[in-house]
1. With θ set to phi - 60°, apply the Karplus curve 6.51 cos²θ - 1.76 cosθ + 1.60 along the stretch 63-79 and write out the HN-Hα couplings as whole Hz, x wherever there is a Gly or Pro.
2. Which lysines, if any, have their Cα less than 20 Å from the Cα of LYS44, not counting same-chain residues under 8 positions apart?
3. With each run of n ≥ 4 DSSP H residues scored as -39500 (n - 2.57), what mean residue ellipticity at 222 nm is computed for the chain after dividing by its residue count and rounding to the nearest 500 deg cm²/dmol?
4. Please report the antiparallel percentage of DSSP beta bridges with both residues in the stretch 7-95, rounded to the nearest 5.
5. Can you list the trypsin sites (Lys or Arg not before Pro) in the stretch 17-76 that are in a DSSP coil and have 12 or fewer other beta carbons within 10 angstrom?
6. Please sort by residue number the GluC sites (Glu not before Pro) in the stretch 2-96 whose DSSP state is loop and whose Cβ has at most 10 other Cβ atoms within 10 Å.
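Values quoted throughout were computed directly from the atomic coordinates according to the rules given, and no laboratory measurement underlies them. From a predicted model like this one, the values you see are computed outputs, not experimental measurements. Heads up, the Cβs are rebuilt from the backbone with ideal geometry, glycines too, and the neighbour counts pull from every protein chain shown.
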Amino acid sequence: MLIRIVEIIWLDSIIEKIRNKHNITVTEVEEVFRNKPKFRRGPKGNYIEENIYYALGRTDGNRMLFIVFIFKRNSEALIISGREMDSKEKSIYSRL
């Protein structure tokens, strides 16, 4: 699946959540997007052409992260969540 992200949109509440709950930084999420992640489509979104997607990828420090985002019509990614991949996600990532 080819997705081109031109900008990442951050909400303060999401930054705080992924930092405090999952120990992930904004920089790490942005590294995943720069390091050619593998994408999967998630559930249908509430707005036409704005659906949920998952980015599975590695940070520069080799952490394997699972990022949830809304892909917006103008090729922006609104980050919803991020965490380390679980074993099932690592398996999917290695097959993609």
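1. Couplings: 6, 9, 10, 10, 10, 10, 8, 9, 8, 8, 4, 8, 6, 9, 10, 8, 6 Hz.
2. By straight Cα distance, LYS44 reaches LYS72.
3. On the way: 3 runs with 29 residues, N = 96.
Computed ellipticity for the chain at 222 nm equals -9000 deg cm²/dmol.
4. So the antiparallel bridges amount to about 85 percent of the total.
5. Within the stretch 17-76, the qualifying trypsin sites (Lys or Arg not before Pro) (loop, at most 12 other Cβ atoms within 10 Å) are LYS44, ARG73.
6. Details: sites: GLU7, GLU16, GLU28, GLU30, GLU31, GLU49, GLU50, GLU76, GLU84, GLU89; in loops: GLU49.
Passing both the DSSP loop test and the Cβ count: GLU49.
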